[in-house]
1. Once you place label points 7 Å from the Cα toward the Cβ at Q66 and R102, how far apart are they in nm?
2. Relative to 2.2 N^0.38 Å, what does the C-alpha radius of gyration of the stretch 98-145 come to as a ratio? Two decimals please.
3. Would you kindly calculate the mean projected area, averaged across all directions, of the convex hull enclosing the Cα atoms of the stretch 10-77, in square nanometres?
4. Please work out how much length the chain gains when fully extended from T154 to A77, using 0.36 nm per residue of separation minus the C-alpha to C-alpha distance, in nm with one decimal.
5. Would you pull out the residues with amide H under 5 Å of R30's amide H, same chain only if 5 or more places away, H placed 1.01 Å from N?
6. If you stretched the chain out fully between N38 and R55, how much longer would it get, using 0.36 nm times the residue separation minus the C-alpha to C-alpha distance?
7. Pick out, from I31, G15, F44, the residue whose Cα sits farthest towards the positive end of the charge dipole of the stretch 14-87, with +1 on the Cβ of Lys and Arg and -1 on the Cβ of Asp and Glu.
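Derivation of every value follows stated rules applied to the coordinates shown; laboratory data play no part. Everything numeric here is computed off the predicted structure, so don't read it as measured data. Using ideal geometry, Cβ is built from the backbone for each residue, glycine included, and neighbour counts are taken over all protein chains shown.
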Amino acid sequence: MQFPRSTQRYLRMPGGFMYIVAIMDWYSRRILSFRISNSMSTTFCLDALTEALDRYGKPEIFNSDQGSQFTSAAFTAVLLANKIKISMDGRGRWLDNVFIERFWRTLKWEKIYLNEYRTGAELRAGVTQFIDYYNCIRPHQSLDGLPPDIVYQTERPTTDSCSHLPNWDYINKEKRLKSKTQEECIELLQEAA
């Protein structure tokens, strides 16, 4: 994990709101972990942080916004206990949020707004499916047409978090996608789907 970033968003549901937090690796734009909750408690943010640390190791720096969940004693204690430097955005520093905000926009426009989720379980299943797609298949212009997981694995070849997806073996053989054009990458990934 190079330089993770976290923030949370609310999602409107028929009976109120659900809240989602995600931990993203800034270098690869890979979503390392996420949680959904029906309250804005610190607990679900801690769960996402703990999963990211357990699965991907400790980063040197952890960046977040100044939300009460991220400034809480419990959240910062986990970071400090792991000797992780804490970086928080300044007020009005929209540029600090640009990568994760782009992810929230993509999630909402490509998944949430196209589906009518009635329950938290339906929402969680839909978001899980989308994050698998986002990490493992969806090409990113800022990553030369590659999905985040391939960029992440280029730096850490032992991670194979998309192996559960259909046709992953076929996609995995093409880690040399960086030498291909964006159109060739998209075509290859569509063939594999």
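1. The modelled label-to-label distance comes out at 2.5 nm.
2. 1.21
3. Averaged projected area of the stretch 10-77's Cα convex hull equals 4.9 nm².
4. 24.6 nm
5. When sequence neighbours closer than 5 places are left aside, the close amide H contacts are D25.
6. Stretched fully, the N38-R55 segment lengthens by 3.6 nm.
7. The residue sitting farthest along the positive end of the dipole is I31.
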